[in-house]
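The values are calculated or read from the model by the stated rules, or taken from the named source; none is laboratory data. A quick note: this is a predicted structure, and the numbers were derived from the prediction, not measured. Methodologically, a virtual Cβ is constructed for each residue, glycine included, from the backbone with ideal geometry; neighbour enumeration extends over all protein chains shown. To get the accessible areas, we keep the full protein, side chains included, count just its heavy atoms, and leave off ligands, DNA and RNA. Shrake-Rupley method; radii C 1.70, N 1.55, O 1.52, S 1.80 Å.
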Amino acid sequence: MLKACKPVNPTNEKIVYLINGLMALDCVDDKKEKQYIENAIYKSKKELNIQEIITAYHAKEYVLQYLEYLKSIK
């Protein structure tokens, strides 16, 4: 029988939002969309402490490295 999942820690959720924003920023070319994402990243950073922000940037780099690894094994 499956157990119900624990609710996500609000701080962890904010870190995930920041990671997603950082990843999206690399994918967008349109100036207006880029500005929208930068504003969202700015708002996310205001709600996090410096260690959480650093964690998000490191996580983004790890995801990019993993994606490159996946491309290399195709």
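Using a basic spin-label model with each label point 7 Å from the Cα along Cα→Cβ, how many nm lie between K43 and S72?
3.8 nm
Could you give the semi-axes, largest first, of the ellipsoid that matches the chain, computed as the square roots of 5 times the alpha carbon gyration tensor eigenvalues and rounded to whole Å? Walk me through the intermediate numbers first.
Values: eigenvalues 103, 86, 32 Å².
One finds semi-axes of 23, 21, 13 Å for the chain.
Among 28-35, 57-64, what's the highest-first ranking by average C-beta atoms within 10 angstrom per residue?
Numbers: 28-35: 10.4, 57-64: 13.1.
Going from most to least packed, we get 57-64, 28-35.
Taking all protein chains in place and a 1.4 Å probe, what share, in percent, of the accessible surface of the chain do carbon and sulfur account for?
Details: 3810 of 6440 Å².
Carbon-and-sulfur percentage of accessible area, whole number: 59.
When the Karplus curve 6.51 cos²θ - 1.76 cosθ + 1.60 is applied with θ = phi - 60°, which whole-Hz ³J(HN,Hα) does each residue of segment 56-70 get, with x for Gly and Pro?
Couplings: 5, 5, 5, 4, 4, 5, 5, 5, 4, 5, 5, 4, 5, 4, 4 Hz.
Give, in nm to one decimal, the length gained when the segment between N9 and V28 is fully stretched (0.36 nm per residue of separation minus the Cα-Cα distance). Can you show the working numbers first?
On the way: separation 19, 0.36 × 19 = 6.84 nm, distance 2.88 nm.
Taking 0.36 nm per residue and subtracting the Cα distance, the gain is 4.0 nm.
In whole Hz, with x marking every Gly and Pro, tabulate ³J(HN,Hα) for segment 13-23 from phi via Karplus 6.51 cos²θ - 1.76 cosθ + 1.60, θ = phi - 60°.
Taking θ as phi minus 60°, the curve returns 4, 5, 5, 4, 4, 5, 4, 4, x, 5, 5 Hz for segment 13-23.
Can you give the calculated 222 nm mean residue ellipticity of the chain, where each DSSP H run of n ≥ 4 adds -39,500 (n - 2.57) and the sum is split over every residue, rounded to the nearest 500 deg cm²/dmol? Write out the running numbers ahead of the final one.
Numbers: 3 runs with 57 residues, N = 74.
After summing the helix terms and dividing by residue count, I get -26500 deg cm²/dmol.
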